[in-house]
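The values are calculated or read from the model by the stated rules, or taken from the named source; none is laboratory data. Here the structure is a predicted model, which means the values were calculated and not measured. Ideal geometry is used to build each Cβ from the backbone, glycine not excepted, and the neighbour counts take in all protein chains shown.
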2 protein chains.
Amino acid sequence: MNATDIVHYTQTLGLQAKTASALMASASAAIKNKALTALAQLLRTHSAALQTDNAQDLERARAAGLAAPLVDRLKLTPATIETCAQGCEQLAAMSDIVGEVLELRQQPSGIRVGRMRVPIGVFGMIYESRPNVTIEAASLSIKSGNACILRGGSEAIHSNQALARLVQQALTEAGLPPEAVQLVQTTDREVVGQLIAMPQYVDVIIPRGGKGLIERISAGAKVPVIKHLDGNCHTYVDDPCDLAMAVKIADNAKTQKYSPCNATESLLVARSVAAAFLPRIGAIYAQKGVEMRACPESLALLAPVPGARVVPATEQDWFEEYLAPIVSVKVVADVEEAIAHINHYSSHHTDAIVTSHHMHAQRFLRAVDSSSVMVNASTRFADGFEYGLGAEIGISTDKFHARGPVGIEGLTSLKWVVLGEGEVRG
Amino acid sequence: MNATDIVHYTQTLGLQAKTASALMASASAAIKNKALTALAQLLRTHSAALQTDNAQDLERARAAGLAAPLVDRLKLTPATIETCAQGCEQLAAMSDIVGEVLELRQQPSGIRVGRMRVPIGVFGMIYESRPNVTIEAASLSIKSGNACILRGGSEAIHSNQALARLVQQALTEAGLPPEAVQLVQTTDREVVGQLIAMPQYVDVIIPRGGKGLIERISAGAKVPVIKHLDGNCHTYVDDPCDLAMAVKIADNAKTQKYSPCNATESLLVARSVAAAFLPRIGAIYAQKGVEMRACPESLALLAPVPGARVVPATEQDWFEEYLAPIVSVKVVADVEEAIAHINHYSSHHTDAIVTSHHMHAQRFLRAVDSSSVMVNASTRFADGFEYGLGAEIGISTDKFHARGPVGIEGLTSLKWVVLGEGEVRG
């Protein structure tokens, strides 16, 4: 498409989404749930066909020399399709939060004032690779009464088109407008620039992907962006603490999976427990092949661990999100130095303390300026499902609107409702 | 100041505010309340001195030929100073919402997950004329545990400087950092451009003033802006309704005060009650000198009203915020046409229906996409005090974060807290 066509195409998507959003906002819970269960059924009955469409993307990816793990992420297996179907059914089973009125209270004037939860309107989602995100975003959009415009990666276009067709079929079967979920049908990159700059049609953008993509989108967006750039998460081992618990948590937080944004990248240890703690966790990291980038004090304690790969940390290491079998390690004086370090270097995503001291726990909870703050738990828990949100559309490290894992509630807004019996201002 | 000095000056304010904000966030409710009651006392004991400082601004304003109503808005009288003092005491008497934990619930993994209310950090406020806003903003900032940078209008600089000195004295007396509330000491306009573009120091900007000012700030800001541009508020008179109530509300909403953003600017009337309703309200508007800009149908009903100033409405009138004794009037078919008109022309500030039909009320509440939606009450109620927020820092017509009147809660953010007993991800 040429530039004029792209503008026209994207504006048409926007106008259609805006029109559909008004119908979605008034749709009953029963009808939205009907669309979700219909979608679950369609995914199951079209499982084989979806895999055929997906095979085209996989073939093209392999031919283009995409690395095997990336090809894997593209793959729609019977199991991933079934998981998508179950996700839709779980959303259908959840109670509807749209229209709920919070804290309706009578004021001295006589009016009753509360807040009603309503859909935001239209969100645009920009994501890469995994085609199941198409179903996650579509189902959350339907449940929350929004309309959405989905822009998946070009590498997954055939899979996404097949999935989006099923979503629109499910919407139609339920009597909802198919334009409530629209997939961008072209892989032209210029569409993204348009999509993020149409405040008249699109209320919020949710980008998921690499830091570069998200930075570009944030810089160019003319509407709010729900995002996180980095997950430089910390686990701080305090004195006093249960050392066995600290070892278990520091192990899990770093090594259970290296790629998620909620994996711990930096380990802080109170000086008075460092000699007891570091050799124990160092042995586990050594065994699992985790490189340790250590401050001078921790280096002295970790270097003697058999098989340990320990190197001196640079200033840059304290800022780094490795997403790899690497961890930075630093000895600190106490909980106050840990808090100061975290608030300076952290990406404000998720930070944890392991402690058995009540006041240290309270102080850490209050003072650490991150979207999730944990006591005696693995940072890996920072996740919409683990938090009981039912599903997750993204994670935000901003302080406004949704912060941390974003579920259905993050796709809604609270407007004020005032119920009177003829009251006027005196 | 030259450009380099301005950058340096504003950055210094920012750094000092950021540093103070961490101390404010951990300050106890008792200490913050002590600062607020100290400020109330200081305002009372310095009432005469404040009026002397204020007299300089008034003199300069009169000399510059400022219109009398604008000079009036600048004035600090014993009564306005006492109102400021009482406002501080009312805030001190309110319970503290900082640190409250909402909905702490156990998840299947064993972790307990909730959300803690924390201050946002640093806000920048840009406002014009009325110097009492300095005290309103300072006291809300203290109560909510934030730091703030205040940029008042050059016409009120002496008054604002005198007030800000008292605020800093109160902070110091309570043992809090005086940099928690800083007034920009120069009237250089370039400071504003700097202030709104320091995301490393300032978390949010709250502009209050004319539409032009707010548009410039929104366009240039590198951080979120809590704002409203327009208050094109509607009152829709439905069929069926209590006609006497409709007359009372339409009168109050338009004429109780013409300048506030929550005054009704456009009156919609269901066709089937137009002949009964419009002549009655028209007679009141005529008597109060309110010009009516009417659609053809309402023109026919209003023109015969003795003394009425009725002119045909243009398309532009439906968008207009008059802030004056002018109202646009339109006959619509029913509640659906009213909703469609409002969602198209309204500024999403405050819109009301007068009805005795339950389903019409529900439909209006759900479907009107505004920050406040009212049934059988005057739009003039859209206000932080009337809503029970205790105080108001501004009004937002955006859907993100705070929507509608913004009080202390709007100056806070909810972060996730996770309490575990050693749980790890399986």
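Would you please name the residue that is nearest to A:GLY422 (Cα to Cα), looking only at residues in region B:340-354 that are buried (at least 23 other Cβ atoms within 10 Å of the Cβ) and within 11 Å of another protein chain (Cβ to nearest Cβ)? Ranking the candidates gives B:VAL354 first.
The listed residues are B:THR186, B:THR172, and the only one of them that is of a type in the set (S, T, N, Q), more than 17 Å from B:ILE393 (Cβ to Cβ) and in contact (Cβ under 8 Å) with a residue 24 or more places away in the chain turns out to be B:THR186. Say we look at region B:384-400 and pick out the residues that are of a type in the set (Gly, Ala, Ser) and touching a helix residue (DSSP H, G or I) at 6+ places or on another chain (Cβ under 7 Å); which of these is nearest to the other protein chains (Cβ to nearest Cβ)? Applying the filter and picking the extreme gives B:GLY390.
Scoring A:ARG403 on the criteria (1) surrounded by fewer than 23 Cβ atoms within 10 Å (Cβ to Cβ); (2) of a type in the set (D, E, K, R); (3) facing another protein chain (nearest Cβ under 9 Å); (4) closer than 30 Å to A:GLU100 by Cβ leaves a single failure, condition (1).
Please determine, by comparing only the residues of region A:256-292 that are within 14 Å of chain B (Cβ to nearest Cβ), surrounded by fewer than 19 Cβ atoms within 10 Å (Cβ to Cβ) and outside any helix (DSSP H, G or I), which one is nearest to the chain's Cα centre (by Cα). Among residues in region A:256-292 that are within 14 Å of chain B (Cβ to nearest Cβ), surrounded by fewer than 19 Cβ atoms within 10 Å (Cβ to Cβ) and outside any helix (DSSP H, G or I), the one nearest to the chain's Cα centre (by Cα) is A:PRO260. In this structure, does B:SER370 turn out to be in the same structural domain as B:PRO207 (by TED's automatic domain parsing) and touching a strand residue (DSSP E or B) at 6+ places or on another chain (Cβ under 8 Å)? When the stated conditions are applied, B:SER370 does not pass them.
Report yes if B:ASP334 is surrounded by fewer than 24 Cβ atoms within 10 Å (Cβ to Cβ), within 10 Å of chain A (Cβ to nearest Cβ) and under 20 Å from A:LEU23 (Cα atoms), otherwise no. No. Taking the numbered list (1) within 29 Å of A:ALA29 (Cα to Cα); (2) among the charged types (D, E, K, R); (3) without any contact (Cβ under 8 Å) to a residue 24 or more places away in the chain; (4) more than 14 Å from chain B (Cβ to nearest Cβ) in turn, A:ASP72 passes all entries but (1). Take the conditions (1) among the aliphatic types (A, V, I, L, M); (2) in contact with a Cys (Cβ under 8 Å, 6 or more places away or on another chain); (3) within 14 Å of another protein chain (Cβ to nearest Cβ); (4) surrounded by fewer than 20 Cβ atoms within 10 Å (Cβ to Cβ); A:ALA253 misses just one of them, which is (4). Per the listing B:LEU13, B:LEU43, B:LEU70, B:LEU76, the residue uniquely in contact with a Leu (Cβ under 7 Å, 6 or more places away or on another chain), in a helix (DSSP H, G or I) and of a type outside the set (Asp, Glu) is B:LEU43.
Taken together, the criteria exclude B:GLY209 from residues that are buried (at least 22 other Cβ atoms within 10 Å of the Cβ), in a loop (DSSP other than H, G, I, E, B) and modelled with pLDDT under 95.
A Cβ distance below 7 Å, combined with a sequence gap of six or more or placement on separate chains, defines the contacts here; from region A:41-63, residues that are over 12 Å from A:PRO131 (Cβ atoms) reach residues that are at pLDDT below 95 in the pairs A:ARG62/A:VAL71.
Those strands (runs of 3 or more DSSP E) of region A:91-197 in which 2 or more residues are farther than 30 Å from A:VAL424 by Cα occupy A:122-126, A:147-151, A:181-183.
Among the residues of region A:28-45, just one is buried (at least 24 other Cβ atoms within 10 Å of the Cβ) and more than 14 Å from A:ALA93 (Cα to Cα), namely A:LEU43. Residues satisfying the criterion are absent from region A:370-383 (criterion: within 27 Å of B:LYS222 (Cβ to Cβ), within 14 Å of the chain's Cα centre (by Cα), at pLDDT below 95 and more than 7 Å from every other protein chain (Cβ to nearest Cβ)). Only a single item in (1) surrounded by fewer than 22 Cβ atoms within 10 Å (Cβ to Cβ); (2) within 23 Å of the chain's Cα centre (by Cα) is not met by B:GLY152, and it is number (1). The listed residues are A:VAL424, A:VAL418, and the only one of them that is buried (at least 24 other Cβ atoms within 10 Å of the Cβ), aliphatic (A, V, I, L, M) and within 7 Å of chain B (Cβ to nearest Cβ) turns out to be A:VAL418. Just one of (1) on the phi < 0 side of the Ramachandran plot; (2) at pLDDT 95 or above; (3) out of contact with any strand residue (DSSP E or B) (no Cβ under 9 Å at 6 or more places or on another chain) fails for A:PRO260. It is (2). Remark: B:ILE196 falls outside the filter, which requires a residue to be within 14 Å of chain A (Cβ to nearest Cβ) and within 21 Å of B:ALA402 (Cα to Cα).
Every residue in region B:304-331 that is surrounded by 13 or more Cβ atoms within 10 Å (Cβ to Cβ) and of a type in the set (Asp, Glu), please. The answer is B:ASP317, B:GLU320, B:GLU321. Just for region A:55-81: of the residues that are touching a helix residue (DSSP H, G or I) at 6+ places or on another chain (Cβ under 7 Å) and of a type in the set (D, E, K, R), which one is nearest to A:GLY152 (Cα to Cα)? Once the filter is applied, the top-ranked residue is A:ASP57. Being charged (D, E, K, R) and more than 9 Å from every other protein chain (Cβ to nearest Cβ) is true of B:GLU409. Here A:GLU423 clears all of (1) assigned by TED's automatic domain parsing to the domain that holds A:ARG130; (2) more than 18 Å from the chain's Cα centre (by Cα); (3) not hydroxyl-bearing (Ser, Thr, Tyr) except the condition numbered (1). Exactly one residue out of B:ALA20, B:ALA48, B:ALA55 is crowded, with 16+ Cβ neighbours inside 10 Å, modelled with pLDDT of 95 or more and either part of a helix (DSSP H, G or I) or in contact with a strand residue (DSSP E or B) (Cβ under 7 Å, 6 or more places away or on another chain) (or both): that is B:ALA20.
What are the residues in region A:293-303 that are buried (at least 18 other Cβ atoms within 10 Å of the Cβ) and over 24 Å from A:SER370 (Cβ atoms), if any? Scanning region A:293-303 gives A:LEU299, A:LEU301, A:LEU302. Would you call A:ARG363 basic (Lys, Arg) and within 7 Å of another protein chain (Cβ to nearest Cβ)? Against the criterion (basic (Lys, Arg) and within 7 Å of another protein chain (Cβ to nearest Cβ)), A:ARG363 does not qualify. Applying the criterion of at least 2 residues that are touching a residue at least 60 places away in the same chain (Cβ under 8 Å) and of a type outside the set (Asp, Glu) to the strands (runs of 3 or more DSSP E) found wholly in region B:296-414 leaves B:326-332, B:350-354, B:372-377, B:394-396.
Consider region B:86-119 and keep the residues that are buried (at least 22 other Cβ atoms within 10 Å of the Cβ) and under 20 Å from the mean Cα position of the chain (by Cα). The one that is nearest to A:VAL375 (Cα to Cα) is B:PRO119.
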